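Following: one structure in structure tokens, then a few remarks.
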């Protein structure tokens with residue numbers, strides 16, 4: 001690539017070009033490259049590959065290497081050489097007339113390059129320092145096979161669709177404005193609604209777990225941060241108000257954390273050992289002066305909101321309370337459906353730079369050992385990272401990667417044995433003596449803005465129903481049904497469902513497409529029949545057309561889905577091949593039209609696999625006992641039913657050999673089977689905050705809903721028939737059930753299931 005750029009743009013200066021996880025990049029001192037420029041560079045690269053130049057390595061002494069690069073007019077290479085250690089081997093690679101400074105190794109020839117693509121171009125500071133010159137970076141990737149490159153490009157397209165910085169703006173969840181400032185996003189009504197939903201959920205859950213809410217100032221005097229030592233360790237990351245150099249002037253700073261504020265809440269009264277633990281929680285707005293080059297969308301900002309909390313505890317409560325913090329974090333991750341996307345990191349102090357931290361090395365060894373033991377006891381698979389600890393203690397960082405592979409910290413749990421002394425925090429122990437408590441700093445879900453970005457990318461905007469800023473959209477077929485549509489919407493709103501009505505004078509097909517594009521989980525189509533019968537025609541993001549439901553039934557179903565924070569995804573669906581036997585009698589009224597009445601003995605079977613979270617289930621354990629609660633994990637279902645079906649259809653002859661048929665049918669269930677098992681997951685009973693029963697490996701639990709199937713079912717049949725020979729007919733028909741396969745009072749499965757089958761066969765005509 002660098003050779004192609006130098007051929008096309010001789011004045012371009014070469015900087016660096018390393019390989020990265022997703023391919024490679026090269027930095028040039030040159031004006032930005034357009035997409036058309038990248039295409040031109042690609043063409044030149046293909047020419048270079050066809051030339052098949054041999055790639056040769058050679059070395060030069062330092063002085064000769066510097067002179068060589070100076071002669072070529074490459075100042076960045078000169079700087080790199082000067083920065084190499086005195087004993088470093090300075091190597092170059094040559095292909096044709098092009099030479100570059102590189103440690104290698106390389107291919108033997110350019111002919112070895114089989115599949116490549118230049119991805120994009122952007123600006124990048126020389127050596128990542130914003131004080132240096134802005135260069136132009138070209139990103140590319142290469143593979144040994146074209147199929148691998150194609151798969152990678154498809155992956156990149158998916159990334160573009162999921163990128164929260166793009167998709168979040170398109171969905172009008174957030175925006176940024178230059179005159180407001182970098183790293184200061186505006187949450188739009190939809191984004192604000194989602195964060196409000198999460199905030200209420202988190203606050204309610206924390207209070208259920210014994211947290212006391214506080215509300216503390218957004219700023220404080222310098223004196224507070226001097227006591228906490230943030231002024232000494234973190235001042236450059238704070239927004240300071242006032243001039244320190246002016247004698248007698250009070251200096252304030254916007255808070256980058258809530259810790260010292262909650263310490264003073266604790267200190268307002270003397271605590272006994274009986275009062276501990278004191279669990280304080282706060283939805284905190286924080287401010288951090290991030291570097292401009294680090295800020296991106298919602299993942300790194302200068303003002304953010306966080307579910308921050310501090311537990312003031314006795315030393316003997318460390319294990320239990322730390323476990324509780326981890327359990328809360330895991331509960332939040334599971335409920336959001338992202339628990340599989342995280343890794344755990346134990347962030348430790350840098351033993352070679354202990355001046356950065358409070359306390360002694362010996363004290364840190366003790367607390368870090370304590371952290372390891374607790375994590376091992378909890379069977380958490382974690383890595384260790386030296387130098388990533390806070391200045392007051394080690395921490396468990398729960399990490400997640402964005403769609404581009406960049407890792408961010410989502411949730412933090414820190415063990416602090418130092419700050420209590422700086423703030424003179426005490427409790428009176430059983431022996432009447434004042435003692436120092438320990439402190440756990442933790443977030444339950446982390447930064448709301450960063451979490452929203454994570455969820456946008458995770459779900460590509462198709463959020464679980466409970467999180468959606470718009471959960472239902474009512475679509476009246478015409479203006480005549482606006483009143484009924486609004487009546488439906490008002491009943492939904494009265495039950496806490498976020499609902500809108502599309503009253504535009506557009507065709508219903510257009511409204512349905514728009515609703516689907518807006519990623520609304522449910523749409524309710526209403527017209528004359530729906531108004532007359534007090535029902536709604538349900539279309540969902542999950543199952544498509546779910547048919548008509550009484551309004552109160554739909555309200556109960558969606559409220560349950562929202563309450564349990566259910567997440568469901570169909571992973572596979574495999575209809576089985578079944579044999580049916582049918583006899584028909586046809587009466588022709590004229591050459592074209594006739595009527596057929598039949599009797600059909602048929603078998604229907606299928607297998608589905610789904611991944612669900614917080615799904616209402618009644619399962620049977622290996623000992624035969626029943627457990628009812630909310631399941632998170634895999635669900636495999638087998639359906640095998642036998643029916644006696646009577647179709648009554650009208651026939652229309654297209655020709656002597658072709659005919660069409662359509663009409664109703666009714667089925668009686670002779671033999672029924674609807675069962676399966678759950679696996680690789682857990683059941684919380686009786687609800688999502690209850691005790692957890694884990695099923696993993698070969699451990700499964702079964703369920704059987706066979707007795708809850710309806711005896712009678714009905715629907716419509718549409719098909720066609722071809723007379724292949726004198727008496728041999730080939731037919732195909734589609735049967736579409738119009739009632740739920742389960743009994744009306746069966747509420748374990750909250751959504752309606754309608755039998756839809758394609759039947760293909762042949763018959764003998766008498």
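Taken together, the values in this text are just the output of simple stated rules run on the coordinates, not laboratory data. Since we're looking at a predicted model, the values are computed, not measured. Here the Cβ positions follow ideal geometry from the backbone for every residue, glycine too, while neighbour counts run over all protein chains shown.
Couple of notes before you dig in:
- Residues 184, 14, 224, sorted so that the one with the fewest Cβ neighbours within 10 Å comes first: 184, 224, 14
- In degrees, nearest ten, helix 62-71 long axis to first principal axis of the chain (Cα): 70 degrees
- Between 0 and 90°, nearest 10: helix 35-51 axis offset from the chain longest Cα axis: 80 degrees
- Relative pair counts by distance (%), Cα atoms of region 650-757, 10 Å bins: 12, 27, 23, 19, 11, 7, 2
- Amide N proximity, region 25-50 versus residue 97 label position 7 Å along Cα-to-Cβ, cut-off under 16 Å: 44-45, 47-49
- With 5 Å bins from 0: P(r) over region 2-151, alpha-carbon pairs, percent: 2, 9, 17, 22, 21, 17, 9, 3, 1, 0
- Ranked packing of 583-596, 66-79, most packed first, by mean Cβ within 10 Å: 66-79, 583-596
- Extension gain for the segment residue 738 to residue 373, taken as residue separation times 0.36 nm less the Cα-Cα distance, is 125.5 nm to one decimal.
- Ranked by the mean number of other Cβ atoms within 10 Å of their residues, highest first, the peptides 293-302, 265-274 come out as 293-302, 265-274.
- Distance distribution note for region 511-553: the fraction of Cα pairs above 16 angstrom is 35%.
- FRET E, pair residue 480, residue 588, Förster distance 30 Å, beta-carbon r, rounded to 0.05: 0.15
- Using the average count of surrounding beta-carbon atoms within 10 Å as a protection proxy, the listed peptides 528-535, 636-643 rank, highest first, as 636-643, 528-535.
- Under the simplified labelling scheme, the residue 160-residue 71 pair shows an inter-label distance of 4.4 nm, with each label point 7 Å from Cα along Cα→Cβ.
- Pairwise FRET efficiency - residue 658 versus residue 605, Cβ, R0 = 41 Å, nearest 0.05: 0.85
- Take the Kirkwood radius over Cα pairs of region 1-89, plug it into Stokes-Einstein at 20 °C and 1.002 mPa s, and you get 144 µm²/s for translational diffusion.
- Using the Cβ-Cβ distance between residue 146 and residue 269 with R0 set to 51 Å, the FRET efficiency works out to roughly 0.10.
- Rounded, prolate or oblate (a/c below 1.5 giving rounded, otherwise prolate when a/b exceeds b/c) for the chain by Cα gyration tensor: oblate
- Pair-distance distribution of region 465-559: all C-alpha pairs, bin width 10 Å, starting at 0; shares per bin in whole percent are 17, 58, 25, 0.
- For region 626-698 and region 482-529, distance of Cα centres in Å: 28 Å
- Counting only alpha carbon atoms, the long axis of helix 448-459 and the longest principal axis of the chain meet at about 40°.
- Note on region 568-764: Kirkwood hydrodynamic radius from all Cα pairs is 19.0 Å, rounded to one decimal.
- Estimated purely from DSSP H runs of n ≥ 4, each contributing -39500 (n - 2.57), the mean residue ellipticity at 222 nm for the chain is -8000 deg cm²/dmol once divided by its residues.
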